[in-house]
Amino acid sequence: MALNRVPRRVGVVGYGRLGQSLVSHLLTQGPELGLELAFVWNRDPGRMAGSVPPSLQLQNLAALGERHPDLVVEVAHPKIIQESGAQILRYANLLVGSPSALADQATEQQLLEASHRWNHAVFVARGALWGTEDITRLDAAGGLQSLRVTMATHPDGFRLEGPLAAVPSTGRCTVLYEGPVRGLCPFAPRNSNTMAAAALAAPSLGFDRVVGVLVADLSLTDMHVVDVELSGTPGPTGRRFAVHTHRENPAEPGAVTGSATVTTFWRSLLGCCQLPSRPGIHLC
C-alpha cells in the first residue's frame, strides 16, 4: 500500500551497514510504497561500486539539490550533520541517524534555524531507545524527574575518541563514562546515539540532565545491552513512579549497530513519510 504523503524521493547519506540496508529496502520495497531512491552518497565512493547503480551514486554532497529529494536520510557520522545538515534542509526534510551531533548546541541551533527558514522538518530516529513515546509523554506532563541510559557492549563495538579512547578496560566489566549525555557525545559519537535520542525525548532534562553510562563488557560478544531507568516526581504518598527497561539487541562481533536497530530505522523512515513536514526537531 502506497504512503499517502510525501516524501517520495529519498536520498541516503552513508553506505555502511544501515545505509546498505535502507538502500536495499528502498530499491525492493520502495516502489510499492510510493518511495523512490533519489541518490546514495558515501564519503568513500568506492564502497558503492558494484552494488549501487552508477546513476544513483552522488559524487558531491553539495549537489544533492539537483536530485530533488523530499527526504534525506543521514546514516554516516555526526560530522555530516554538523557540516552539512543545515544545507540539506534547504532542499528536503532531514532524518538524522546520528543525533549525537545535536549535543553540540551550535549545530542544534543551526538546524532549527534552517528548518524554519526553508520550512523543512528535522526528524530524529529513535534507534535503540525503547519506550520513546512514554518518555516524551511523561516529560510533557511534567512528571519526569530523572532519566538514565546505560549502554553496554564488548569493547570491540566501541568507536571512541579523545580521552575515552585511552580509558583502560580493567577486568570483565568497565564503566568508561558516567555523566551528562552532552559530555559523552563528542567522544563516543557513534555509540551515544541512543542516549542522545533520550535527551531529545525528554527536553525538560535535555543533554545536560539525562545521564549516560557507557560500559565495556567482555562477556557481551554478540549483543548490545541498553538499560533505561526513569523516575517521576513524588506522588501523594511520597513514592515515585519508576520504570526500568532492559533491552538486549543481537549484534555481530565488533558491530556498532545492533540487528534490531537496523529494522527499527527502516520503520522510522516510513514513519517520517507519513508525518507532515513542519519545522522543528521531531523524534520518529
*Every residue from the range 61-88 that is in contact with a Ser or Thr (Cβ under 8 Å, 6 or more places away or on another chain), touching a residue at least 40 places away in the same chain (Cβ under 8 Å) and of a type outside the set (D, E, K, R)*: 61, 75, 76, 77, 78, 80
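For every residue, the table says whether it meets (1) surrounded by 21 or more Cβ atoms within 10 Å (Cβ to Cβ); (2) part of a strand (DSSP E or B).
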| site | (1), (2) |
| --- | --- |
| 179 | no, yes |
| 182 | yes, no |
| 194 | yes, no |
| 198 | yes, no |
| 221 | no, no |
*Residues located in the range 28-50, provided they are open to solvent by 30 Å² or more (accessible area, probe 1.4 Å) and more than 19 Å from residue 92 (Cβ to Cβ)*: 28, 29, 31, 32, 43, 44, 45, 46, 47, 49, 50
*Picking from 208, 222, 227, which residue would you name as being at pLDDT below 95 and acidic (Asp, Glu)?*
222
*Would you be able to tell me the number of residues in the range 67-112 that are under 21 Å from residue 183 (Cβ atoms), open to solvent by 30 Å² or more (accessible area, probe 1.4 Å) and either among the β-branched types (Val, Ile, Thr) or under 12 Å from the mean Cα position of the chain (by Cα) (or both)?*
1
*Kindly indicate whether residue 140 is under 19 Å from residue 281 (Cβ atoms) and among the hydrophobic types (A, V, I, L, M, F, W, C).*
yes
*Quick one: would you say residue 170 is touching a strand residue (DSSP E or B) at 6+ places or on another chain (Cβ under 7 Å) and either over 18 Å from residue 75 (Cβ atoms) or open to solvent by less than 40 Å² (accessible area, probe 1.4 Å) (or both)?*
no
*For residue 205, work out the one condition from (1) open to solvent by 40 Å² or more (accessible area, probe 1.4 Å); (2) in contact (Cβ under 8 Å) with a residue 12 or more places away in the chain; (3) more than 22 Å from residue 264 (Cα to Cα) it doesn't fulfil.*
(1)
*asked:* Show me the strands (runs of 3 or more DSSP E) found entirely inside the range 71-174 where at least 2 residues are not hydrophobic (A, V, I, L, M, F, W, C).
replied: 144-153
*Kindly list, by first and then second residue, each pair from a residue in the range 115-142 that is within 29 Å of residue 249 (Cβ to Cβ) and among the acidic types (Asp, Glu) to a residue that is modelled with pLDDT of 95 or more and open to solvent by 20 Å² or more (accessible area, probe 1.4 Å), limited to pairs with Cβ atoms under 6 Å and residues at least 6 apart or on different chains.*
139/204
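The values are calculated or read from the model by the stated rules, or taken from the named source; none is laboratory data. As the structure is a prediction and not an experimental result, all values here were calculated from the model. All Cβ positions, glycine included, derive from the backbone under ideal geometry; neighbour counts span all protein chains shown. Surface accessibility is based on the protein's heavy atoms, side chains included, excluding ligands, DNA and RNA. Shrake-Rupley method; radii C 1.70, N 1.55, O 1.52, S 1.80 Å.
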